[in-house]
1. Give all pairs with beta carbons closer than 9 Å in which a residue from segment 34-60 that is of a type in the set (Lys, Arg) meets a residue that is modelled with pLDDT under 95 and surrounded by fewer than 18 Cβ atoms within 10 Å (Cβ to Cβ); count only pairs at least 6 apart in sequence or on separate chains.
2. Exactly one of these conditions fails for Thr86: (1) surrounded by fewer than 17 Cβ atoms within 10 Å (Cβ to Cβ); (2) under 19 Å from Gly120 (Cβ atoms). Give me its number.
3. With (1) open to solvent by 40 Å² or more (accessible area, probe 1.4 Å); (2) at pLDDT below 95 as the list, and Arg109 as the residue in question, which single condition is left unmet?
4. For the structure I just gave you, tell me whether Leu99 is touching a residue at least 40 places away in the same chain (Cβ under 8 Å) and either closer than 20 Å to Leu31 by Cβ or polar (S, T, N, Q) (or both).
5. Among the residues of segment 39-52, which ones are exposed (fewer than 15 other Cβ atoms within 10 Å of the Cβ) and out of contact with any strand residue (DSSP E or B) (no Cβ under 9 Å at 6 or more places or on another chain)?
6. If we scan segment 91-105, do we find a residue that is open to solvent by 50 Å² or more (accessible area, probe 1.4 Å) and closer than 21 Å to Val136 by Cα?
7. Determine, yes or no, whether Phe55 is open to solvent by less than 20 Å² (accessible area, probe 1.4 Å) and closer than 26 Å to Phe37 by Cβ.
Amino acid sequence: MTTQNTLSVAELDGADTALAFDAMRELRPHLTDAGEFVELVRAQRREGYRIAASFDADGRVVAVAGFRHMTNLYAGSHLYVDDLSTLPAARGQGHASALLRWVDDEARRLGCAGVHLDSGTQRHDAHRLYLASGYVIPAFHFAKSL
């Protein structure tokens, strides 16, 4: 476990995955069952998905970052943040910033060229955080349902 400006951040292993459920559900409200969440994360872990968590003073997970190491032509080796979410009562306390710094450190440790993420267009507070953390908006993300 590392401490980022007095906030504790640590990676959750498979046995601890359920601890991330409440914080993750703030971003992914369609996840309604902790057991199903754990199974989905287990499947994603086989594809390289990892979860880092920020803890409050009582040791409760209040923010999470789900990410994976990827290599592709446009970005080379990088970490991609799939999920970054904080419980409402813990917002504004630095947990998301601590997680982003932790992810940056992990990317450097792995020799990555950078960190990438997508964010919903309505998440203005998150966008302010990302911009203040050194992220830029280099492209639009397009999706098509089939």
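The values are calculated or read from the model by the stated rules, or taken from the named source; none is laboratory data. Predicted model, so just to flag it, every value in this text is computed and none were measured. Reconstructed Cβ throughout: ideal geometry from the backbone, glycine too, with neighbour counts over all protein chains shown. Note: accessible area is taken over every heavy atom of the protein model, side chains too, but ligands, DNA and RNA are not part of it. Shrake-Rupley method; radii C 1.70, N 1.55, O 1.52, S 1.80 Å.
1. Arg42/Gly14; Arg45/Gly14
2. Here Thr86 meets the rest and fails (1).
3. Checking Arg109 against (1) open to solvent by 40 Å² or more (accessible area, probe 1.4 Å); (2) at pLDDT below 95, the one that fails is (2).
4. The answer is yes for Leu99.
5. Once the filter is applied, which keeps residues that are exposed (fewer than 15 other Cβ atoms within 10 Å of the Cβ) and out of contact with any strand residue (DSSP E or B) (no Cβ under 9 Å at 6 or more places or on another chain), segment 39-52 yields Glu39, Arg42, Ala43, Arg46.
6. Yes.
7. It is false that Phe55 is open to solvent by less than 20 Å² (accessible area, probe 1.4 Å) and closer than 26 Å to Phe37 by Cβ.
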